[in-house]
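See below for the structure under consideration.
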Amino acid sequence: MSPSRPYQPFLLRALHGLTGLFLIAAILTAYWTYDTYDGRWGRIPLPTYQDIEGIHGTFGLWTLLVFPAFVIYSFHRGQKRLIQSDSQSKLAQVGKPIWWYTLNRVTNTLALLALTFALFSGKMMDETWLPEGELNHGWYYAHLISWVVMVGAIAVHLLMNAKVGGSPLLLSMLTWQFRDKDSPTLWPAHASQWWSQVQQGAWIRWFQPMTAMIVLEIAILMSIATAWIIPLFKY
């Protein structure tokens, strides 16, 4: 591995890669679903495929399953890549390198929020709405908006990372090489140690002090949990 290339933790690459892969597939099938069942704001000549909504839902579900682990990683071991307590003052230094780095952290954080909105609104929908021509539900409009926001968030996320780190940073997220201390074979031992600490009450320290970022993390995780719970009462 070139010493000039930034090194990204392998767990970050794995979670980021899975989330990104499922998300891109969900976005593409989301448009195909819109093109098949709606198309009121324009469409392209994609083949009509009645089962596309189910495929889109599957990719959305896979994203939803991986996303909580990615959120927990991002707000703990990856916290330096998110918005900081002093970000507002650094954003005042327009044009300077620190301004770009801070703006990158802000866009990373906004991307997590955009994906939370997309996943939550998707879970609030009923899979029978579109096949039955019911296109005026509020959650359907919210889900449409969420995917437009998500596409914009991904575009800005890629552009900002390219600006801050260039192609070496982007390519560092795609390599499968890892250092010995970062080996997946060590993950079970790390998970066992973490669970042991949780049983001993270490989780209490996670909320001390109660910062804005901890509140944001809890809000995202609660939104994901709520997205699973609310549909249970629809039937």
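Things to note:
- Set against the 2.2 N^0.38 Å expectation for a compact globular protein, segment 1-133 has a Cα radius of gyration ratio of 1.32.
- Here segment 90-144 is treated with +1 on each Lys and Arg Cβ and -1 on each Asp and Glu Cβ, and its dipole about the Cα centre works out to around 700 debye.
- Near residue 12, once Lys and Arg are set to +1 and Asp and Glu to -1 for all other residues with Cβ below 10 Å from its Cβ, the sum equals +2.
- At most 15 other Cβ within 10 Å, DSSP loop - chymotrypsin sites (Phe, Trp or Tyr not before Pro), segment 1-96: 7, 41, 49
- Helical mean residue ellipticity (222 nm; -39500 (n - 2.57) per DSSP H run of 4+; nearest 500) of the chain: -22000 deg cm²/dmol
- Helix 97-123 vs. the chain, principal-axis angle (Cα, 0 to 90°, nearest 10): 40 degrees
- Rg ratio (alpha-carbon, reference 2.2 N^0.38 Å) - the chain: 1.13
- Rounded to the nearest 20 debye, the dipole magnitude of the chain is 1160 debye, with +1 charges on Lys and Arg beta carbons, -1 on Asp and Glu beta carbons, and the Cα centre as origin.
- Taking all protein chains into account, the per residue accessible area for the chain stands at 59 Å² (1.4 Å probe).
- Carbon/sulfur fraction of accessible area - segment 111-235, other protein chains in place, 1.4 Å, %: 69 percent
- Taking θ as phi - 60° and the Karplus parameters 6.51, -1.76 and 1.60, the scalar couplings of segment 42-49 work out to x, 8, 10, x, 7, x, 6, 9 Hz in sequence order, x denoting glycine and proline.
- Of all accessible heavy-atom area on segment 41-84, the percent that carbon and sulfur account for (1.4 Å): 65 percent
- Binned Cα-Cα distances of segment 133-235, short to long, each 10 Å bin given as a whole percent: 10, 18, 31, 31, 10, 1
- Estimated D of segment 17-84 in µm² per second, where Rh is the Kirkwood radius over Cα pairs and Stokes-Einstein applies at 10 °C, 1.306 mPa s: 117 µm²/s
- Between 0 and 90°, nearest 10: helix 187-199 axis offset from the chain longest Cα axis: 90 degrees
- Angle between the chain longest axis and helix 212-229 axis [Cα atoms, degrees, rounded to 10]: 40 degrees
- Furthest towards positive pole of dipole, 143, 122, 190, structure part the chain, Cβ charges: 190
- Sparse packing (at most 15 other Cβ atoms within 10 Å of the Cβ) combined with a DSSP loop state is found for the following chymotrypsin sites (Phe, Trp or Tyr not before Pro) in segment 129-189: 176.
- Value of relative contact order over the chain, rounded to a whole percent, pairs C-alpha under 8 Å and six or more apart: 27 percent
- When only the Cβ of Lys, Arg, Asp and Glu is charged (+1, +1, -1, -1), the dipole of segment 45-178 relative to its Cα centre reaches about 1100 debye.
- Unit charges at the beta carbon, dipole of the chain: most positive-side option, 165, 200, 97: 97
The values are calculated or read from the model by the stated rules, or taken from the named source; none is laboratory data. Being a predicted model, the structure only gives us computed values, none of them experimental. Methodologically, a virtual Cβ is constructed for each residue, glycine included, from the backbone with ideal geometry; neighbour enumeration extends over all protein chains shown. To get the accessible areas, we keep the full protein, side chains included, count just its heavy atoms, and leave off ligands, DNA and RNA. Shrake-Rupley method; radii C 1.70, N 1.55, O 1.52, S 1.80 Å.
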